[in-house]
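Beneath this line is the structure, given in structure tokens, with notes to follow.
The values are calculated or read from the model by the stated rules, or taken from the named source; none is laboratory data. This one's a predicted model, so the numbers in the text were calculated from it and none came from an experiment. Every residue, glycine among them, receives a Cβ derived from its backbone with ideal geometry; neighbour counts consider all protein chains shown. Accessible surface areas use protein heavy atoms only, side chains included; no ligands, DNA or RNA. Shrake-Rupley method; radii C 1.70, N 1.55, O 1.52, S 1.80 Å.
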Amino acid sequence: MTFAVVKDILAGKHAVGDTIVLRGWVRTRRDSKAGFSFINLHDGSCFDAVQAVVPNSLSNYQNEVLKLTTSCSVSITATVTESQGKGQEFELLASELEVLGWVEDPETYPMAPKRHTMEYLREYAHLRPRTNVTGAVTRVRHTLAQAIHRFFHEENFFWVSTPIITTSDAEGAGELFHVSTLDMTNIPRNEDGSVDYKQDFFGKEAFLTVSGQLNAEAYACALSKVYTFGPTFRAENSNTSRHLAEFWMVEPEVAFADLDGVAKLAEDMLKYVFKAVLAERPDDMAFFAERIDKEAITRLEHVINNDFVHMDYTDAIDILLKSGKEFKYPVAWGVDLQSEHERYLAEEHVGAPVILKNYPRDIKAFYMRQNEDGKTVAAMDVLAPGIGEIIGGSAREERLDLLDKRIDEMGLPKEEYGWYRDLRRYGTVPHAGFGLGFERLVSYVTGMSNIRDVIPFPRAPHSADF
RNA sequence: UCCCCAGUAGCUCAGUUGGUUAGAGCGGUGGACUGUUAAUCCAUGUGUCGUUGGUUCAACUCCAACCUGGGGAGCCA
């Protein structure tokens, strides 16, 4: 008994005449008066379903086969044959069909064989993996993740699993989720009324991580090239198509690298993973190009075949000022760029991902390396058309005196950064890194416009079902 | 969190300028036909018209609050 998957059958990996067993789910059923039914089966192994010809000579044809509906699960024993019809090279001729699970009440089964809106599918996060679109997203997401690991591995990076629970607010930015085992109906208090975290699980206030960067820096300052790839949490009340409360982030950290070094790394990485997706998932990408976003494939090809445009923040301000566009938020050197500004630069001025570098230090985090001009820091953002910031990175301030100065200026608790400062006290080296929002990458690649549709079970404000 | 829009059949929507019988397509079901493939053709439509409260002789239709969803903004990845 040979168990087969749809992908191998369609690829011709089973010889014509071979008998195989295929387990999967019914996508559609068409009955022919010629004495058989066509049943399209999918098992998730690839985009397409395989067609099985089920003859009415099977003993359960009248009682079961003719009653199959979308998403019934079946196991069929069949012979691989060349298809007599158009649309596929190979198909199956069933000699046995066992129904594993029926769909009760097909009329109200939520995944009816018709077009559904993404909003509707989101309400059925447990059933939407059965749809074409979510299946394709899932396979592309997997391919991107694998390609990222492979890219860094080939570049001699080590994957470091940084902690998900943290007791420090790493960047001093972003709302954090508390991690606690305290009885919320009876919270222990200090005499001044504050929460007595000494009685909590970790003996101090703890959170879910907002970034693995600081921890990654520790490992980069020993293993030279490392990266993190894991879940990240932000408790911000963000209700947009680009934000999640729980998302995955890739954060390479490179010793002895400067800003241009990691900008190049970001470009190489994106081109590498885009090539991998086009090579490994042509079926799914063709679907995205046909049904979701016409540019899904050409956009990636364009990125692969062109050098990224680098632009200094200062030059970007000039371009915005000379654009002649009326912006809602006025442009001036020193302001943080607004969505409309980033959109203009990435979508209109460049028409492709653009790397913005060297931002004013006052709008950036304390750990970013100060440039010689005394006004800017060695920070970069990679802005993607349609998505906005997909990568944010910087050279890290490796000079202890300058780091301390920034910590003081920004009013951060220096005592909380003891181990981080140690990295500068003991054999400090220049280093740099960036963070890639993994779901934003998946959005960009697939053309899916809402980030909640490229992660299996999205978590967002007032939304954590399933 | 702020601004705007929407919430009517399993799904996508139309509709009622307040009035007593609420519609279409898709899906499902039944039939016809067919090596079919988002098949085609015929038949088949009793749904708290998001929730609560208010105005009114009368509300699905007007008003308010709330809930949910979408688009945009802020925050950022």
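Between the DSSP loop rule and a limit of at most 11 other Cβ atoms within 10 Å, which trypsin sites (Lys or Arg not before Pro) in the range A:300-408 are left? Sparse-neighbourhood loop trypsin sites (Lys or Arg not before Pro): A:328. By a 1.4 Å probe calculation restricted to protein chains, residue A:59 has an accessible surface near 120 Å², given to the nearest 10.
The label point for residue A:123 and the one for residue A:7, both projected 7 Å from the Cα toward the Cβ, are 3.3 nm apart. Every helix of 4 or more DSSP H residues in chain A counts as -39500 (n - 2.57), and over all residues that averages to -8000 deg cm²/dmol at 222 nm.
Think of each Lys and Arg Cβ as +1 and each Asp and Glu Cβ as -1; about the Cα centre, that makes the dipole of the range A:107-170 roughly 380 debye. Shown are A:159, A:333, whose ranking by accessible area with a 1.4 Å probe and every protein chain present, most to least, is A:159, A:333. Computed over Cα pairs, the Kirkwood radius of chain A leads via Stokes-Einstein (1.306 mPa s, 10 °C) to a diffusion coefficient of 63 µm² per second.
Here is what passes the span test in chain A: the DSSP H helices with alpha carbon length of 24 Å or more along the helix axis and a Kyte-Doolittle mean of -0.5 or above are A:132-154, A:259-280. For residue A:206, nonlocal amide neighbours, meaning residues 5 or more places apart or on other chains whose placed amide H falls under 5 Å from its own, are A:179. Note on exposure: A:153, A:431 ranked by accessible area (1.4 Å probe, complete protein assembly) read A:153, A:431, with the most exposed listed first.
The range A:254-316 gives an Rg/Rh value of 1.11, both radii derived from C-alpha positions and Rh following Kirkwood. Between residue A:412 and residue A:348, the simple label model (points 7 Å from Cα in the Cβ direction) yields a spacing of 3.6 nm. Dipole size of the range A:134-204 about its Cα centre, with +1 on Lys/Arg Cβ and -1 on Asp/Glu Cβ: approximately 480 debye, rounded to the nearest 20.
All distinct Cα pairs of the range A:1-159 go into the 1/r average, and the inverse of that average, the Kirkwood radius, is 17.2 Å. In order along the range A:343-348, the Karplus-derived 3J(HN,Hα) couplings, from 6.51 cos²θ - 1.76 cosθ + 1.60 at θ = phi - 60°, round to 4, 4, 5, 7, 8, 9 Hz, and Gly and Pro are given as x. Using a cutoff of 8 angstrom between alpha carbon atoms and counting only pairs six or more residues apart, the relative contact order for the range A:1-150 works out to 21 percent. Mean separation of Cα pairs under 8 Å and 6 or more residues apart, divided by the residue count, gives the range A:123-237 a relative contact order of 33 percent. 3J(HN,Hα) along the range A:117-125: 7, 5, 4, 5, 4, 4, 6, 10, 4 Hz, from the Karplus curve 6.51 cos²θ - 1.76 cosθ + 1.60 with θ = phi - 60°, whole Hz, x for Gly and Pro. Put simply, the C-alpha atoms of the range A:102-194 give a gyration tensor, and the ellipsoid matching it has half-axes of 40, 29, 11 Å, longest first. Can you give me the Cα centroid spacing of the range A:439-456 and the range A:283-303 in angstrom? First find each Cα centre; the distance between them is then 13 Å. In a fully extended conformation the segment linking residue A:194 and residue A:402 would gain 71.5 nm over its present Cα-Cα distance, using 0.36 nm per residue. Among A:307, A:408, the sequence by solvent-accessible area, most first, with a 1.4 Å probe is A:307, A:408. Listed by chain and number, the aspartates and glutamates whose C-alpha is less than 19 Å from the C-alpha of residue A:13, apart from same-chain residues fewer than 8 away, are A:43, A:48, A:82, A:89, A:91, A:280, A:283. Shown here: the range A:281-374, whose C-alpha atoms stretch 51, 33, 21 Å along the first, second and third principal axes, sorted largest to smallest. Pairwise inverse Cα distances across the range A:287-342, averaged and inverted, put the Kirkwood hydrodynamic radius at 13.9 Å. For the range A:182-257 versus the range A:362-394, the inter-centroid distance based on Cα atoms is 21 Å. Size of the range A:311-466 from its Cα atoms: along the principal axes, largest to smallest, the extents are 49, 46, 26 Å. With contacts taken as Cα pairs under 8 Å and at least 6 residues apart, chain A reaches a relative contact order of 13 percent. Remark: spin-label model distance residue A:153-residue A:86 equals 4.3 nm, labels positioned 7 Å along the Cα→Cβ axis. Residues whose amide H lies under 5 Å from that of residue A:371, counting only those 5 or more places away or on a different chain, are A:376, A:377, A:378; hydrogens are built 1.01 Å from N in the peptide plane. Computed from phi, the 3J(HN,Hα) profile of the range A:450-457 under the Karplus parametrisation 6.51, -1.76, 1.60 (θ = phi - 60°) reads 10, 5, 6, 9, 10, 10, x, 10 Hz, with x in place of Gly and Pro. When the range A:292-450 is described by a simple charge dipole with +1 on each Lys and Arg Cβ and -1 on each Asp and Glu Cβ, the residue from A:370, A:449, A:346 located farthest towards its positive end is A:370.
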